[in-house]
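Presented below is the structure to which this report refers.
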Amino acid sequence: MKNGVLSLISLVCLCFIVACSPQQGGVGETDGNFISTDISGADFPKPLTLTDHTGKLRTMSDFKGKAVVLFFGYTHCPDVCPTTMSDLKNAMKLLGDKSDQVQVLFVTVDPTRDTQEVLAQFVPSFDKRFIGMRGNAQETKETLENFKIFYSKVEGKSENDYTIDHSAGMYAFDKAGKIRLYMAYGMKPAEIASDVSKLL
């Protein structure tokens, strides 16, 4: 079995075991010089097309020339999402001047509560260069399926009092827009910065 196929199988498994609550877990398999799982050559995803937190329609082609780190979460997430966003903020600091060659995208799995205005307040609060992205219910569903993101709504005491279990890893794309890495939940800022720097 080819290494690329093995990496893809590992990725799918990882996507389904990390939800929106802290769990024990490593940083993925080391492949070559990367700490993350190298998924170069994977035959997914389809091009991403969503609206950003300023109301502008965006595609991945908008970010060619930059490495892209793509994270799926939601603003009401009690722990995993703000922790990961803080780790990304600190990774950008560690990259120094190279951080201008990196684009972080936060895609909401909760378009009902994460309106454009909510994303505009939440996402840039970690780093003004970070971009929040959203779609309607159908666009969100298709995007999550496209990126093999697990998500499940957990009902609370009222209609708007709910949480969402979801895959907590990240994808990294190189400057040509090719998917390269799966970063498992739990990677430290220094590890994120190290892997991203290799894509620049």
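How much accessible surface area, in Å² rounded to 10, belongs to the heavy atoms of Thr83 with a 1.4 Å probe?
60
Rank these residues by their accessible area, most exposed first, probe 1.4 Å: His53, His76, His166.
These residues rank, largest area first, as His76, His53, His166.
Just read off the accessible area of Met92 with the full protein assembly in place, 1.4 Å probe, to the nearest 10 Å².
The value for Met92 is about 10 Å².
For region 42-154: lysine pairs with Cα atoms under 20 Å, gap of 8 or more or different chains, count?
Close lysine pairs under the 20 Å cut-off: 20.
So which GluC sites (Glu not before Pro) in region 110-177 are both in a DSSP loop and have at most 16 other Cβ atoms within 10 Å of their Cβ?
Loop-located and lightly packed - Glu155, Glu159.
Among DSSP beta bridges lying fully in region 80-182, give the percent that are antiparallel, nearest 5.
Of those bridges, close to 70 percent are antiparallel.
On the full set of protein chains, 1.4 Å probe, figure out the accessible area of Ile164 and give it in Å² to the nearest 10.
Counting only protein heavy atoms, the figure is 10 Å².
Provide Lys157, Lys46, Lys56, Lys148 ordered by accessible surface of protein heavy atoms (probe 1.4 Å), highest first.
From most exposed to least exposed: Lys157, Lys46, Lys56, Lys148.
Once the Cβ-Cβ distance between Glu139 and Asp97 is put in as r, and R0 is 45 Å, what FRET efficiency do you end up with, to the nearest 0.05?
0.80
Quote the convex hull volume per residue of region 45-200, based on C-alpha atoms, as a whole number of Å³.
Here the figure is 100 Å³ per residue.
Using only C-alpha atoms and all pairs of different ones, pull out the Kirkwood radius for region 34-109 in Å with one decimal.
In region 34-109 this quantity evaluates to 14.2 Å.
Antiparallel DSSP bridges in region 37-118: what percent, to the nearest 5?
30
How much of the accessible area of region 59-200, probe 1.4 Å, is carbon plus sulfur, in whole percent?
47
The values are calculated or read from the model by the stated rules, or taken from the named source; none is laboratory data. These figures come from a predicted structure and were not determined experimentally. Every residue, glycine among them, receives a Cβ derived from its backbone with ideal geometry; neighbour counts consider all protein chains shown. For the accessible areas, the whole protein counts, side chains as well, though only heavy atoms, and no ligand, DNA or RNA atoms are used. Shrake-Rupley method; radii C 1.70, N 1.55, O 1.52, S 1.80 Å.
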